[in-house]
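Notes for the one structure printed next.
The values are calculated or read from the model by the stated rules, or taken from the named source; none is laboratory data. Small disclaimer: the values here were computed from a predicted structure and weren't measured. Cβ placement follows ideal geometry from the backbone for every residue including glycine, while neighbour counts extend to all protein chains displayed.
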Amino acid sequence: MKRNEIEEKDKWDLSTIFADVQEWQEAWQKAESAFSVFPELEQNMLKSADDLYQTVTKITEIGEQVNRVYTYAHLKYSEDTTNPEAKKLMGQAQNLLTAFSEAIAFFDSDLLTLPPEQLDIFLNENENLREYEVLLRDLFRYHPHRLSKAEEKLLAAFQKERETASDVYETFTSADLKFGTILDEEGESVELTDTNYTVFLRSPDRLVRKLAFKTLYSAYEKNQNTFAALYAGQLEAEKVVAKVRNFDSALQMSLFADHVTPEIYDNIIESISGHLDVLFRYYRLKKKVLGLKELHIYDIYLAMLPEFRKEYTYPEAVEEVLSAVKIFGDEYADILKQGYADGWVDVFPNEGKVGGAFSGGCPTTNPFILLNFQGTEDDVSTLAHESGHSMHSWFTRKNNPLQYADYTIFVAEVPSTVNELVLAYYRLEHSQSREEKLSILNHLLELYKGTIYRQIMFAEFEKITHALSEQGEILTAELLRKKYYELNQKYFGGEVVLDDEISLEWARVPHFYYNFYVYKYAVGLTAASHIVKRIRNHEPGALEDYFAFLKLGSKKNPIESLKVAGVDMTKTDAFDSAVEMFSEILDEFEKLWDEKE
């Protein structure tokens with residue numbers, strides 16, 4: 001449909017941000033003109049506690065004006081990218097955001113020239129400044145890693161060069177790398193691409209799966225030395241920057257912003273890899289259900305069951321999500337119900353609308369959810385997921401001043417995943433169909449296998465390769481293949497036949513250019529599992545802890561924030577709990593499956 005063919009009740013209500021484009025333009029001009037105060041603030045910022053307070057307050061206030069302007073433009077553009085007016089607004093908003101970032105660039109660097117003891121003096125002198133203490137002390141953690149202004153300028157000038165390996169990788173894999181053709185299920189010759197490869201790996205025809213697997217990795221093998229050089233270059237760049245900034249390693253530097261230490265990172269890997277027996281059970285179950293003598297690496301993405309299809313209208317999806325989240329109590333469900341009624345959600349796909357789904361907004365707006373709802377079970381799960389983000393945002397914004405009315409990426413996926421899990425358990429408890437229950441359980445098994453175990457295997461590979469680089473090893477294709485194959489042996493435990501081509505998989509994982517990012521996926525599901533288990537078991541204080549976490553914003557660092565929810569990443573309890581849930585889901589699936597036999 002075109003945008004004007006969608007009913008108003010199924011669109012989000014952006015008039016709660018600005019009444020119309022004219023009001024937006026006025027806000028844009030007001031925000032832009034406010035930048036004129038920054039040169040004077042920069043000049044006086046460190047003269048006194050009062051000056052520092054005035055500076056950080058103004059940056060926060062003007063920053064939110066910019067944020068609100070950008071939010072409206074981004075949402076207008078997202079609903080219809082073909083709308084010329086929306087394109088214009090988006091361009092103006094992006095320029096404003098860039099100009100704001102440049103105008104306040106002085107703050108962090110200048111603040112770090114202040115001796116740490118002087119910050120303590122300023123905080124004691126000005127009571128209002130203490131409202132920003134958490135923010136300021138978090139910035140001051142970088143004090144030992146700051147460089148001179150000249151050095152910072154030089155390093156900034158090389159930022160683009162630091163991204164060269166990643167940029168070349170992306171260009172090469174998306175534009176130049178060709179895989180050839182294979183025969184599909186009908187015997188037709190089809191060009192293999194990185195996109196349809198995942199479709200072919202789920203083909204019921206085993207020969208198609210095998211051909212796709214071997215054909216794809218044949219192309220990676222032909223270019224393995226190029227991929228090895230790119231990856232080694234990425235690691236070398238991060239190693240040099242870490243050394244220049246006085247970090248012990250690239251690992252420490254990458255984790256620093258989230259208050260995660262290398263010891264915590266190691267604990268996460270050891271905790272999950274210490275429970276590989278449950279993963280091996282999963283692969284034995286898959287081999288049994290699929291009726292295969294041997295489970296090859298190209299078989300593991302084949303669905304264990306025919307897809308169970310259930311169609312929903314949007315009101316039915318809303319009702320199911322609201323019923324599922326009642327586990328959190330009436331307050332949560334009532335706020336979400338009112339949010340749906342008040343225009344939080346843009347429901348259906350239309351011409352020009354961006355794909356996928358997201359939750360957006362800023363501290364002075366409602367949360368907003370973009371969907372492309374088409375009535376599938378996945379669409380209902382997506383609604384639950386994005387509603388988890390939006391409720392996290394709602395509680396954060398209602399309970400914090402502007403400077404703390406947001407949360408980090410590290411914890412962002414926890415409430416959304418919590419909602420996905422409670423919806424899955426709600427469906428299990430209310431489904432009358434054995435096939436539907438098996439389908440839900442299978443979905444959960446795939447979720448745990450892919451999000452926890454696979455991402456932790458990736459995280460361990462990053463740890464190994466960065467350590468080798470820092471020890472001066474030359475990361476050849478041969479060495480990288482050897483290390484990656486050994487990890488596959490560890491994580492598949494002899495339950496899956498490891499075709500030699502899997503030793504090249506590292507070359508097709510773009511996340512390895514994000515520098516120690518993938519473990520966060522596992523942290524999100526692990527934390528969510530622990531929270532859901534506590535709530536479902538009616539553990540004393542579980543709900544109270546979860547709501548305290550939702551309301552926390554950025555007043556605590558990510559590790560301490562999760563502790564508020566009862567999740568301690570420095571210990572093994574949360575990981576044990578997640579693996580226990582995975583094991584319980586396996587038990588339930590096997591029990592239902594055996595009833596059939």
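Listing for the model above:
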| read-out | value |
| --- | --- |
| Selection within region 323-347 - over 24 Å from the mean Cα position of the chain (by Cα) and over 30 Å from GLN403 (Cα atoms) | SER323, LYS326, ILE327 |
| Single residue of region 301-317 satisfying the filter (surrounded by 14 or more Cβ atoms within 10 Å (Cβ to Cβ) and part of a loop (DSSP other than H, G, I, E, B)) that is modelled with the lowest pLDDT | PHE308 |
| Subset tally (residues that are hydroxyl-bearing (Ser, Thr, Tyr) and closer than 28 Å to ALA459 by Cβ) for region 272-316 | 5 |
| Leading residue by the ranking (surrounded by the fewest Cβ atoms within 10 Å (Cβ to Cβ)) among those in region 2-26 that are of a type in the set (Asp, Glu) and either free of Cβ contacts under 8 Å to residues at least 60 places away in the same chain or not in a loop (DSSP other than H, G, I, E, B) (or both) | GLU8 |
| Among residues of region 534-578, those that are among the small types (Gly, Ala, Ser) and not in a loop (DSSP other than H, G, I, E, B), counted | 6 |
| Test: ASN372 is in contact with a Gly (Cβ under 8 Å, 6 or more places away or on another chain) and not assigned by TED's automatic domain parsing to the domain that holds ILE502 | yes |
| So GLY524, is it out of contact with any His (no Cβ under 6 Å at 6 or more places or on another chain), in contact (Cβ under 8 Å) with a residue 60 or more places away in the chain, crowded, with 17+ Cβ neighbours inside 10 Å and within 30 Å of ASP194 (Cβ to Cβ) | yes |
| Set SER416, SER439: member being of a type in the set (Gly, Ala, Ser) and over 15 Å from the mean Cα position of the chain (by Cα) | SER439 |
| Residue list for region 256-274, restricted to those being surrounded by fewer than 20 Cβ atoms within 10 Å (Cβ to Cβ) and not small (Gly, Ala, Ser) | PHE256, ASP258, HIS259, THR261, PRO262, GLU263, ILE264, ASP266, ASN267, ILE269, GLU270 |
| Filter result (more than 28 Å from the chain's Cα centre (by Cα) and either crowded, with 18+ Cβ neighbours inside 10 Å or modelled with pLDDT of 95 or more (or both)) within region 92-106 | ALA103 |
| In region 515-542, the residues that are out of contact with any helix residue (DSSP H, G or I) (no Cβ under 8 Å at 6 or more places or on another chain) and at pLDDT below 95 | none |
| Residue match in region 154-169 (condition: exposed (fewer than 13 other Cβ atoms within 10 Å of the Cβ), among the β-branched types (Val, Ile, Thr) and either at pLDDT below 95 or part of a loop (DSSP other than H, G, I, E, B) (or both)) | no |
| Every residue from region 543-581 that is β-branched (Val, Ile, Thr) and modelled with pLDDT of 95 or more | ILE559, VAL564, VAL567, VAL579 |
| Matching entry among LEU119, LEU89, LEU111, LEU123 (being farther than 24 Å from VAL56 by Cβ and surrounded by 14 or more Cβ atoms within 10 Å (Cβ to Cβ)) | LEU89 |
| Filtered residue count, region 289-300, keeping only those that are touching a residue at least 24 places away in the same chain (Cβ under 8 Å) and in a helix (DSSP H, G or I) | 4 |
| Set LEU428, LEU441, LEU423: member being assigned to a helix (DSSP H, G or I), at negative phi, buried (at least 22 other Cβ atoms within 10 Å of the Cβ) and outside the structural domain of HIS530 (by TED's automatic domain parsing) | LEU423 |
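Condition check ((1) under 17 Å from LEU322 (Cβ atoms); (2) not in a loop (DSSP other than H, G, I, E, B)) across all residues:
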| position | (1), (2) |
| --- | --- |
| VAL354 | no, no |
| THR364 | no, no |
| GLN374 | no, no |
| ASP378 | no, yes |
| ALA384 | yes, yes |
